[in-house]
Amino acid sequence: MVLESNNNINELNLVKSQLDRRINNEQIELERSIPSDPQVKASGAPRRKFTKAYKLQILTSYDACSTTLERGALLRREGLYQWSISAWRSQLKINTDGKKVKSNDRRTDHMAREIEQLKKKLAQAQAVIDLQKKVSELLGTHILSHDSSEVN
């Protein structure tokens, strides 16, 4: 009877281990079939990154195109859009002539114009002062008081 009960226990342990393995295998299969993240993700191509040399090459070939049809063909061939050309131009600070524009050049031009305007105003002011001196000498009156000194 003890042998029989030992056999029954062994059989039960064997059945239990088989069930445990089967449950474990089913859990693994279930985990494989269910995605880990239930959120659906867009599975598109990764975003392209363009080098500065490639951008310059495309911009020069785009500017070399004489018609809008040629430009459109270039954009289609390269898989680009018009906005990328505009963005690259501003990013690389290239104007439509293909020349690089430096912000310092713009500032320098502005400052040079302002200096010229100020020089003209100064020359006018000096001419008015000289005229006032001559009028004062002719009339015999002094515009400046005797205790103040003239600064040139």
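None of the figures in this text is laboratory data; all of them are computed from the coordinates on show. In this text the structure is predicted, and so the values were computed from the model without any measurement. Every residue, glycine among them, receives a Cβ derived from its backbone with ideal geometry; neighbour counts consider all protein chains shown.
Observations
- Prolate/oblate/rounded label for region 102-143 (Cα gyration tensor, a/c 1.5): prolate
- Spatially proximal lysines relative to Lys93 (Cα-Cα < 22 Å; intrachain offsets below 8 disregarded): Lys49, Lys52, Lys55, Lys102
- Computed E for Lys133/Asp109 - FRET, C-beta separation, R0 35 angstrom, nearest 0.05: 0.40
- Compared with the alpha-carbon gap, the fully stretched path from Asn6 to Trp83 is longer by 19.6 nm at 0.36 nm per residue.
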